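Reading through the structure tokens given below for one structure.
The values are calculated or read from the model by the stated rules, or taken from the named source; none is laboratory data. Just so it is clear, the model here is predicted, and its values are computed rather than measured. Every residue, glycine as well, gets a Cβ built from its backbone with ideal geometry; the counts of neighbours run over all protein chains shown. Each accessible area value is taken on the protein alone, full model and side chains, heavy atoms only, with ligands, DNA and RNA left out. Shrake-Rupley method; radii C 1.70, N 1.55, O 1.52, S 1.80 Å.
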Amino acid sequence: MAEQETYYEMLWDCPQCGTLGLLGDSHRHCPTCGTAQDPTKRYFPKPGEEVEAKNHQFVGADWRCVYCNSPNSAAAAFCTNCGAGKDGTKPVALVADTAAALPEPVAVPAPPPQRELGWARWVLAALALLVVGLIFLFSSTKETTATVAQRSWAREIQIEQMGRVSDSVWCDSVPGDAYGVSRNREQRSTRQVADGQTCHDERIDKGDGTFVKRRECTPRYRSEPVYDDRCRYSVNRWRSVRAVKAGTQESLMPVWPSAGNLNANFLGGNSGVGAIGSERQGARRETYVLVLSANGKTWTCNVSESVWSKYQDGATVPLKVHLTGGADCASLQ
């Protein structure tokens, strides 16, 4: 069997004589001056000061008389204040249980639509012109002929050494070749655990001068730490320890520098697995630079080896220059 709801009286204040805190269901007219209740002026009492509507039978939300605005029970066929019929009437609006409404903001007259639209058009047009101008400025180029003022190149080889590296990870991710592994318990994450409910009474306007309370609850959670094993270990890995370099100062033509005598001490002969302290050549890097000049301006371009080799000192080079003054180095072929 469903639990019987308890009904409480909404309140209203008489606008005619100023009597406050009249009961929404019991006082359909002001007991002081006889003014009919205005259903739009109903409000909830302060929490803890609710007045129970004894033996109240809910038959539906009130309807409001279109002639005298008096609220009438949904069971009434005629207005109890002026006798008008119920036909064509609508239920009264329900009141939400919220804090007192903030004062309505003072309306600021909007500028005339035509003037506002014209101003917006000018701004949009200016922005469009600015965007088009920037695109044109940075994408447009002009042809010129530059002279190779200087050429330079640089090459380097990273030298790697097998060494002991210390690290720590969660134990489910330890590398297979790790050694000297130690474990320690540490917090890895947190988890949300149910911790009861947070409840409050929600008051609901029934539209007939009364309201009911309904208990609304939402789950509450707390954070708990999740622990796991953290492993510290050592592992042998190749690391870059130095670089050997060569450049224009050593040779006019690009050459790779000599790596010198490396300690190529590999485990198991030619297995490719280095012992501690063994060395090998690592990554290689190379850069080629052309310094170009024309009409008192100078540009520096990083180019490919094939382009660099094509142009010698003093050679003329067809070059595209942006309207902003920067060189389009990608135009060099």
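One table, with the values for the structure above:
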quantity: Test: residue in segment 185-197 that is surrounded by 14 or more Cβ atoms within 10 Å (Cβ to Cβ) and in contact with a Ser or Thr (Cβ under 9 Å, 6 or more places away or on another chain); calculated: no
quantity: Given (1) open to solvent by 40 Å² or more (accessible area, probe 1.4 Å); (2) of a type in the set (Ser, Thr, Tyr); (3) over 17 Å from ASP205 (Cα atoms), index of the condition THR6 fails; calculated: (3)
quantity: Residue match in segment 318-333 (condition: modelled with pLDDT of 95 or more, in contact with a strand residue (DSSP E or B) (Cβ under 8 Å, 6 or more places away or on another chain), not acidic (Asp, Glu) and not in a loop (DSSP other than H, G, I, E, B)); calculated: no
quantity: Selection count where residues are closer than 30 Å to LEU94 by Cα, open to solvent by less than 70 Å² (accessible area, probe 1.4 Å) and not basic (Lys, Arg), scope segment 199-224; calculated: 10
quantity: Any hit, segment 274-289, residues being under 18 Å from THR145 (Cα atoms) and surrounded by 12 or more Cβ atoms within 10 Å (Cβ to Cβ); calculated: yes
quantity: Selection count where residues are part of a loop (DSSP other than H, G, I, E, B) and not charged (D, E, K, R), scope segment 293-317; calculated: 7
quantity: Tally of residues being exposed (fewer than 14 other Cβ atoms within 10 Å of the Cβ) and at pLDDT 90 or above across segment 61-89; calculated: 4
quantity: Every pair of residues 6+ apart whose Cβ atoms lie under 8 Å, when the first sits in segment 68-84 and is in contact (Cβ under 8 Å) with a residue 40 or more places away in the chain and of a type in the set (A, V, I, L, M) while the second is open to solvent by 70 Å² or more (accessible area, probe 1.4 Å) and in a strand (DSSP E or B); calculated: ALA74/PRO91
quantity: Residue identified as outside any strand (DSSP E or B) and on the phi > 0 side of the Ramachandran plot among GLY176, GLY207; calculated: GLY207
quantity: Any chance PRO15 is modelled with pLDDT under 95, over 23 Å from LYS213 (Cβ atoms) and within 52 Å of the chain's Cα centre (by Cα); calculated: yes
quantity: Of residues in segment 19-35 being open to solvent by 40 Å² or more (accessible area, probe 1.4 Å) and under 52 Å from the mean Cα position of the chain (by Cα), the one modelled with the lowest pLDDT; calculated: ASP25
quantity: Failed item in (1) at pLDDT below 95; (2) surrounded by 11 or more Cβ atoms within 10 Å (Cβ to Cβ); (3) not in a strand (DSSP E or B), with MET253 passing the rest; calculated: (2)
quantity: Candidates PHE44, PHE58, filtered to the one that is open to solvent by 50 Å² or more (accessible area, probe 1.4 Å), aromatic (Phe, Trp, Tyr) and under 20 Å from ALA96 (Cβ atoms); calculated: PHE58
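This table checks each residue for (1) without any contact (Cβ under 8 Å) to a residue 40 or more places away in the chain; (2) among the small types (Gly, Ala, Ser); (3) within 30 Å of THR6 (Cβ to Cβ).
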{"residue": "VAL193", "(1), (2), (3)": "yes, no, no"}
{"residue": "GLU202", "(1), (2), (3)": "no, no, yes"}
{"residue": "THR210", "(1), (2), (3)": "no, no, yes"}
{"residue": "LYS213", "(1), (2), (3)": "no, no, yes"}
{"residue": "GLU216", "(1), (2), (3)": "yes, no, yes"}
{"residue": "TRP256", "(1), (2), (3)": "no, no, no"}
